[in-house]
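Only one structure is covered here, and it is reproduced in the block below.
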Amino acid sequence: MGSEVCGSEKKLAGKPCPECGKAGKRVEGVTLASLLNTEEQEKLKATGYNLCLSPWCRVVYYGDDGSIFTKDMVRVPVWFKEQSPRPICYCKNVTDTEILDHIVNQQCCHNLKDIQEHTGANTGHECLTKNPAGT
């Protein structure tokens, strides 16, 4: 896995991650409010928030005000910061392992349409509140 997250260049954060120095991606406050542990939600402020895009950094979100939220403060695994099984579709709770099983073992999926039909991946509409990237 490389150090860049596909599609991350679209909404790069103004400030880099305060821990690793890598650029981040802007995320909506509603995404953090939905995914942070209850006690961490109380720490949210009226500031801009970013997703740290480094796979190796323990920080998941950081605020323009210097606040940070680490992996242990988030209720879901962040796909690019985890080993397999990794979440691929948060809305439908589909992992990379499930998709590979359908492609390699069951041999029923040959394209995105097949994967969508057999696993439900990429068919949900709750990314803003279920996917750590908010997309």
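The values are calculated or read from the model by the stated rules, or taken from the named source; none is laboratory data. If you're wondering where the values come from, they're calculated on a predicted model, not measured in any experiment. Every residue, glycine among them, receives a Cβ derived from its backbone with ideal geometry; neighbour counts consider all protein chains shown. For accessibility, only protein heavy atoms count, side chains too; no ligands or nucleic acids. Shrake-Rupley method; radii C 1.70, N 1.55, O 1.52, S 1.80 Å.
Key figures
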item	result
Conditions (1) under 12 Å from the mean Cα position of the chain (by Cα); (2) closer than 26 Å to Gly120 by Cα: number failed by Lys71	(2)
Single residue of Leu32, Leu36, Leu44 found to be more than 18 Å from the chain's Cα centre (by Cα) and within 29 Å of Pro16 (Cα to Cα)	Leu44
Odd one out for Asn37 among (1) surrounded by 15 or more Cβ atoms within 10 Å (Cβ to Cβ); (2) touching a Lys or Arg at 6+ places or on another chain (Cβ under 8 Å)	(1)
Residues that are open to solvent by less than 20 Å² (accessible area, probe 1.4 Å) and either without any contact (Cβ under 8 Å) to a residue 60 or more places away in the chain or within 22 Å of Glu39 (Cβ to Cβ) (or both), drawn from the range 56-86	Cys57, Val59, Val60, Tyr61, Tyr62, Gly63, Phe69, Thr70, Val74, Val78, Lys81
